[in-house]
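Remarks on the structure that follows.
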Amino acid sequence: MANLTINGKTFTLDVEPDTPLLWAIRENVGLTGTKYGCGIAQCGACTVHMDGVAMRSCGVSVSEAEGKKITTIEGLASGDTLHKVQAAWIAKDVPQCGYCQSGMIMAVAALLAEKPKPTDADIDEAITNICRCGTFQQVREAIHTIASA
Amino acid sequence: MNKHVSPKMNRRAFVVGTAAVGAGLAIGLDLPFGGPAMVRAADGSPEVNAWVVVKPDDTVVIRIARSEMGQGSLTGLAQLVAEELECDWSKVTTEYPTPGQSVARKRAWGDFSTGGSRGIRSSQDYVRKGGATARVMLIEAAANEWKVPASECTVAKGVITHKASGKTTTYGKVAEAAAKLTPPADVKLKDPKDWTIAGKGLLRLDTAEKTNGKMIYGIDVKLPGMLNAAIKDCPVFGGKLKSYDEAKITGMKGVKKVVKVGDTAVAVVADTWWHAKTALEALPIVWDEGENAKVSSESIAKWLAEGLDDAQPAYVGNKNGDVKAAIAGAAKKLEAVYNYPYQNHATMEPMNATALYTADKCEVWCGTQNGEAVFAAVLEASGLSAEKCDMYKVMPGGGFGRRGQTDYVRQAVLIAKEMPGTPVKLLWSREEDMAHGRYHPITQCKMTGAFDANNNLVALHYRLSGQSILFSLRPEALQNGMDPAAFQGVAQSGEAAIGYSVPNLLVEHAMRNPHVPPGFWRGVNVNHNAIYMECFMDELAHAAGQDPLEFRRKLMGNHPKHLAVLNAVAEKIGWDKPAPQGIYRGIAQVMGYGSYVAGAAEISVTEGNKIKVHRIVASTDPGYVVNPAQVERQIAGSFVYGLSALFYGGCTVKDGKIEQTNFDTFNSMRINEMPKVESVMVPSGGFWGGVGEPTIGVAAPAVLNAYFAATGKRIRSVPLRDQNITFA
Ligand code: FES
Ligand code: FES
């Protein structure tokens, strides 16, 4: 049993404490926007926020996540108002297949919360997600568009 | 693919089985464009024809048969239909017909396969006709209602007007009547220079759900009562499953069943995938690895190297003059040997499929590049006939050629068959995905160039040795044993023709097929052929003491379209001016998938082995550009994919298995390593070339040639990881 607070709601889940947070979110809570890409904290597809910090949820166990405020891609918007990263992603047509983009958006949202006007060097350092479709150019442009808004 | 189609299948199934073989069959299809037998969409809206449904509220639903996998074809194809239809783009939505529906309607939607950069170019003609035919019928319906000649009516954004009487109506209002009309025998398509929807960099139609977690990929499919499966296939290709000790995992949490899948694999089915995977890892499995367990990268390299010897048999793919005599009599000659490794597609979403089997029905949900091939696999694995099967496409998390294969679909159906009535989602772990790819083929190439006394290139001998994809996947496409696709980029003519004229030329392929299964990997044979040819061109230019661009230009007089894109990148990167201090340039060109492409890179190198790529310029002439914004993204994406493979990729073989297991050993570029790609589109019209793949060919050679300019060292082996060269 584990109690998790996800997108403002509390869930009591019948899971083993060492279950990766990623799979608890996808299979036990049923929120599938958070993606599996590698399971070994390499790709970033599973990125969520834990107390506002971007974390790779495949590398976090539910026992470590208990008591933390977890936000997934489904909880990023405030009601019908898109988060500025989501809005920029749509305006700049960033996603290709889109599979990496939940994680990419969560990583970028965490960066902008910390540094509202990131430099290219800040982006290079903070955004280490894999995108096999190669959307990096649009990702960078969209971040700069948000920063200069 | 069709070799798996069981001979006892009924005729309908046979049509699909052969359809899955290749896109060539699309040509000559007699696609119906509607008719007196009216068809309704699921919600009752009239189908004007197979491509166009108009709802009473004027929403236009455009049917898309090819797969969207991130490359933007869904939007591009809709633009082409909407252009001819003259509808309101803001009211356009799309939907996929299923292969089962298509078969039941005599393949109303033609070919579903989405590979070889064919998504748009192979269907543009008939989808545009679908749009144009629907427009004519909708106008006619309005004219009939008003009792005026159709020729007096005009349409713009789905609003039909009869100027003389001042009457107007909308597509939504006349669709019902239009659907009952006989379609025109012939329609005239617009001249692309008059396009207002096609040819524009419109935003994609499918973005919003990719930003809020709502887009459903195969991995996200949920069905009532669904169970989850994890699988292990024999890690040595060609090996078999010998035994497993099920007792060791019975009672583990959530485990429902252990299933033998064919002769080679075992799957654990559980309530959640995490439970299935955890139990599978605890399951003791004994493999019968067989003879292939003796194969290693070293043994493959040795076998391929033997194929470079002229005494060994080889297929001739392109030839003029007498290469051997010209080399023997040359004033100077140069020889080099290159190689290119296996590569895994590593789509961001690992392979998966969900299957539901009952005694009289089998349905599959998955991402795929070829719905019809999946359909054929469902028929074969389920043993049911076509009218009892169907498949539903969901968004794939990347394709790059991997999802043209249906191995994962077959497995899912075989597992579901063991649990009739229960839907089962089979998901491969990343490790399984790395171990069971359909890998970019492995090759080596020996090239010999010869000069006369004035440093003119008089002979070029290009000898490939290595794997054929068609031998493994489409043996019926071999020509007297020869794989014509092996010569992509260095062929005499056609959609992947060489861009150089050399008085004495011999291009040949010693086919050697190791046991590792090859597949179509973005760019396919263009990848290695462009590296071999373009890096060697650079070597030849250097040997002749000439500028690499000028040296190429002299050989390209008879290849004006190849030359035009090369000139376009040279101009954009400023080849005629010196590069900034510490920056070095490389250039490359190739033709593939009917498009002419060129690339140039500016790099710096520190400590001899740390590369920073500062600038990339890429040019393409695909004939026509349907959506420049999406073409730009395909070009940039192809460089990320191609340079990831150059720097970090490469799959090696040990004891018959692939050694790389995940992104820690098969890395992929990150944002900090990738500069902006400056695209130069020079569509010259008159032909339709592909977009998703061709530019990947010039990514690696442009950077490798720049590396030589910076260091004086030639790199003739991929990946750079193995040469201790990395990103700065
Ligand atoms: S799935 Fe967690 S980082 Fe890749
Ligand atoms: S958009 Fe496809 S992996 Fe990033």
| query | Assuming R0 = 30 Å, what is the FRET efficiency of A:SER63 and B:GLU209, from their Cβ-Cβ distance, to the nearest 0.05? | reply | 0.40
| query | Based on the Cβ-Cβ distance of B:ALA177 and B:ALA104, what FRET efficiency does E = 1/(1 + (r/R0)^6) give at R0 = 30 Å, to the nearest 0.05? | reply | 0.70
| note | the protein assembly as shown: antiparallel bridges as % of DSSP beta bridges, rounded to 5, reads 75 percent
| Which listed pairs, of A:LYS35/A:LYS115; B:LYS173/B:LYS388; A:LYS9/B:LYS260, have C-alpha distances above 30 Å, in listed order | B:LYS173/B:LYS388; A:LYS9/B:LYS260
| query | For chain A, what class follows from the C-alpha gyration tensor (a ≥ b ≥ c being the square roots of its eigenvalues): rounded when a/c is under 1.5, otherwise prolate if a/b is larger than b/c, else oblate? | reply | prolate
| remark: Restricted to the range B:31-210, the DSSP antiparallel beta bridge percent, nearest 5, is 80 percent
| said: Apply the a/c threshold of 1.5 to the C-alpha gyration tensor of chain B and tell me whether it is rounded, prolate or oblate. | reply: oblate
| message | I'd like the mean, over residues of B:672-678, of how many other protein chain beta carbons sit within 10 Å of each residue's own Cβ. | response | 4
| In deg cm²/dmol and to the nearest 500, what is the mean residue ellipticity at 222 nm of chain A if only DSSP H runs of at least 4 residues count, each as -39500 (n - 2.57), divided by the residue total? | -8500 deg cm²/dmol
| Given a cut-off of under 8 Å on Cα pairs at least six residues apart, what relative contact order in percent is computed for chain B? | 14 percent
| message | Heavy atoms only, 1.4 Å probe, whole protein assembly: order A:THR119, B:THR652, A:THR12 by accessible area, highest first. | response | A:THR12, A:THR119, B:THR652
| request: Beyond 20 Å, what share of the Cα-Cα pairs of the range A:2-75 is found? Please give it as a whole percent. | output: 14 percent
| request: Leaving ligands, DNA and RNA out of it, rank B:PHE687, A:PHE136 by accessible area with a 1.4 Å probe, largest first. | output: B:PHE687, A:PHE136
| Inter-centroid distance (Cα atoms) of the range B:580-643 relative to the range A:66-114, Å | 30 Å
| field | Rel. contact order, % - alpha carbon contacts under 8 angstrom, at least six apart, the range A:2-75 | value | 39 percent
| remark: In this structure, among A:LYS84/B:LYS425; B:LYS214/B:LYS654; B:LYS577/B:LYS713; A:LYS68/B:LYS248; B:LYS210/B:LYS248, pairs with alpha-carbon gaps over 32 Å are A:LYS84/B:LYS425; B:LYS214/B:LYS654; A:LYS68/B:LYS248; B:LYS210/B:LYS248
| Across the residues of B:196-205, average count of Cβ atoms on other protein chains within 10 Å? | 1
| field | Percentage relative contact order, the range B:31-210, counting C-alpha pairs under 8 Å, at least six apart | value | 30 percent
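What does the charge add up to near A:THR47, with Lys and Arg as +1, Asp and Glu as -1, over the other residues with Cβ less than 10 Å from its Cβ?
Details: positive: A:LYS35, A:ARG56; negative: none.
Taking every Cβ under 10 Å from that of A:THR47, the sum is +2.
Please report the antiparallel percentage of DSSP beta bridges with both residues in chain B, rounded to the nearest 5.
Within chain B, antiparallel bridges account for around 75 percent of the total.
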| note | Dividing the helical contributions, -39500 (n - 2.57) per DSSP H run of n ≥ 4, by the residues of chain B yields a 222 nm value, nearest 500 deg cm²/dmol, of -8500 deg cm²/dmol
| message | I need the peptides B:220-233, B:262-275 ranked by packing, meaning the mean over residues of other C-beta atoms within 10 angstrom, with the highest value on top. | response | B:262-275, B:220-233
| Averaged across the residues of A:29-41, what count of C-beta atoms belonging to other chains lies within 10 Å of each residue's C-beta? | 6
| field | the protein assembly as shown shape via C-alpha gyration tensor axes, a/c threshold 1.5 | value | rounded
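The values are calculated or read from the model by the stated rules, or taken from the named source; none is laboratory data. Keep in mind that this is a model prediction, so the values were computed, not measured. Cβ: placed from backbone, ideal geometry, glycine included. Neighbour counts: every protein chain shown. These accessible areas exclude ligands, DNA and RNA; they are computed on the full protein's heavy atoms, side chains included. Shrake-Rupley method; radii C 1.70, N 1.55, O 1.52, S 1.80 Å.
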